[in-house]
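K.L.:
Could you have a look at this structure, given as structure tokens, before my questions?
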Amino acid sequence: MNEIKSEPLSLSTQAAQALGWVEPGFGGIVPPIYMASSYERDETGRYPGNHSYTRDQNPSFDQAEALLASMEGGSACMLFASGMAAATSIFEVLAPSAHVVIPKKMYFAIRMWLQRLAAKGRIRLSQVDHHDLEGLTQLMEIDPFDLMWIETPANPSSEIIDIRAWTEVAHQGGAKVVADNTLATPVLTRPLDYGVDLVMHSASKQLNGHGDVVAGALVTAKQDKFWEDLQFERGYRGAIVSPTASWLLLRGMRTLHLRVPASAASALRIANFLEAQSMVESVLYPGLESHPEHYLAKQQMQEGFGYVVTFALRGGEKEARHFISNLKLFKNASSLGSVESQAELRALTEGEASIIKSNLIRLSVGIESCDDLIHDLERAFFSSSDRCHGSK
Ligand code: PLP
């Protein structure tokens, strides 16, 4: 492939040109989808194209992996079948009884997965409050950890973690640090710049951005033994993404730098609008001055505070359900990060193990006209209340 130098090109140029690769066969400036599962050896027994079998690697992954590695400032990337496949691979390569530290508030499915691993005795799991740096330091001194997982902002309640401070503590005890960067994307925050060792993505979300791909990714700062173990893990468990999904992801990432600030600007307007509604109990959005870690979000996030706005409606689950059913533009659906906006009653999706309040509504803000989105919310407030929805 003819590659243009990715440094010092800006992230938007890297993304728009997908690193400027040109497909070698016909000179296509957009890659084909390589559907072959198997690749021919030459007479010496080698694979001239460095690909053997699609369970380990497929040429359709290469450009998307190179682009994401470059956008995150990492040295390599691997795509996976889903965000969960990427995340769980990390814990599969840990030694038996490894000590894993996670924040108390994080994406529920990964927390539940880890709790199950801990219950089976496969790992030891500790949970720390996202603002308790002192507690983290004490824990590290008493019982050094092997791996620390962070997620900032957290899905769905938008807690912010001080990435540099937490990473420094973990590194003092020799732990690896992995950051789930799904909500921020590299446009807003690049955790590797703060010393984190690996970044994980649910690429099903804003990286792809069109709601038509399920994929995950890991990006590493260094290609060390841990990374080699992860490569082995992906290849032998076959936790790979399909060539078509990888192609769609590459196409989606080409416009990431436009979609992220656009949805973040709308999300901030919507968060401010919600804060002024008498039917709203609280709004959780790192861009709001009322957010407890707003000062930290301002330091760690550029070009906005993300596309997820969560709010608690006065009343309970019944009122929240009713409110969502009155929305027309926001689709009542469970994923996030797509061009079209979605709203969901989060506790319903998370089920019985959820630690989320039953009246919490999570909005994923897309790239529609923000006026239209606010109008949709206004209409739902109006229909949900016999009183007029006046400002506080
Ligand atoms: N991490 C976060 C923050 C998520 O929101 C999700 C999914 O919603 C995941 C990880 C898991 O990703 P996937 O659904 O692609 O498996």
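K.L.:
Scan region 256-302 for residues that are closer than 13 Å to Ile367 by Cα and in contact with a strand residue (DSSP E or B) (Cβ under 6 Å, 6 or more places away or on another chain) and jot them down.
P.N.:
Of everything in region 256-302, those that are closer than 13 Å to Ile367 by Cα and in contact with a strand residue (DSSP E or B) (Cβ under 6 Å, 6 or more places away or on another chain) turn out to be Ala267, Ile270.
K.L.:
Within region 285-302, does at least one residue satisfy the condition of being outside any helix (DSSP H, G or I), in the same structural domain as Leu313 (by TED's automatic domain parsing) and among the acidic types (Asp, Glu)? Give the derivation first.
P.N.:
Applying the first criterion (outside any helix (DSSP H, G or I)) to region 285-302 yields 285-293, 301-302.
Subset that is in the same structural domain as Leu313 (by TED's automatic domain parsing): 285-293, 301-302.
With among the acidic types (Asp, Glu) added as a condition, the list becomes 289, 293.
There is at least one residue in region 285-302 that is outside any helix (DSSP H, G or I), in the same structural domain as Leu313 (by TED's automatic domain parsing) and among the acidic types (Asp, Glu).
K.L.:
Do we have any residue at all in region 112-133 that's assigned to a strand (DSSP E or B), more than 25 Å from Ser282 (Cα to Cα) and hydroxyl-bearing (Ser, Thr, Tyr)?
P.N.:
Yes, some residue in region 112-133 is assigned to a strand (DSSP E or B), more than 25 Å from Ser282 (Cα to Cα) and hydroxyl-bearing (Ser, Thr, Tyr).
K.L.:
I'd like the full set of residues that are among the hydroxyl-bearing types (Ser, Thr, Tyr) and within 11 Å of the ligand (Cβ to nearest atom), limited to region 159-184. Break it down into steps so the answer makes sense when it comes.
P.N.:
Pass one, region 159-184, residues among the hydroxyl-bearing types (Ser, Thr, Tyr): 167, 182.
Matches in region 159-184: Thr182 only.
A quick yes/no check of all residues on (1) at pLDDT below 95; (2) in contact with a helix residue (DSSP H, G or I) (Cβ under 7 Å, 6 or more places away or on another chain); (3) acidic (Asp, Glu):
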| residue | (1), (2), (3) |
| --- | --- |
| Met279 | no, yes, no |
| Ser282 | no, no, no |
| Ala297 | no, no, no |
| Gly306 | no, yes, no |
| Gly315 | yes, no, no |
| Asn326 | no, yes, no |
| Gly337 | no, no, no |
| Asn359 | yes, yes, no |
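K.L.:
Are there strands (runs of 3 or more DSSP E) fully within region 167-224 with at least 2 residues that are out of contact with any Ser or Thr (no Cβ under 7 Å at 6 or more places or on another chain) and closer than 16 Å to Ala154 by Cα? List them.
P.N.:
Working: elements: 176-180, 198-202, 216-220.
It comes to 176-180, 198-202.
K.L.:
While we're looking at this one, here's another question. Which is more than 21 Å from Phe232 (Cα to Cα), assigned by TED's automatic domain parsing to the domain that holds Gly238 and either of a type in the set (Gly, Ala, Ser) or touching a residue at least 24 places away in the same chain (Cβ under 8 Å) (or both), of Met112, Met78, Met84?
P.N.:
Values: Met78 fails: more than 21 Å from Phe232 (Cα to Cα); Met84 fails: more than 21 Å from Phe232 (Cα to Cα).
Answer to the selection: Met112.
K.L.:
Do you know which residues across region 66-99 are more than 16 Å from the ligand (Cβ to nearest atom), under 22 Å from Gly195 (Cα atoms) and either of a type outside the set (S, T, N, Q) or in a helix (DSSP H, G or I) (or both)? Walk me through it before giving the result.
P.N.:
Pass one, region 66-99, residues more than 16 Å from the ligand (Cβ to nearest atom): 66-67, 69-71, 73-76, 93-99.
Within this subset, residues satisfying the condition of being under 22 Å from Gly195 (Cα atoms) are 66-67, 69-71, 73-76, 93-94, 98-99.
Within region 66-99, Ala66, Leu67, Ala69, Ser70, Met71, Gly73, Gly74, Ala76, Val93, Leu94, Ala98, His99 meet the criteria.
The values are calculated or read from the model by the stated rules, or taken from the named source; none is laboratory data. Source: prediction; values computed, not measured. When we count neighbours, we look across all protein chains shown, and the Cβ atoms used for this are built from the backbone with ideal geometry, even at glycine.
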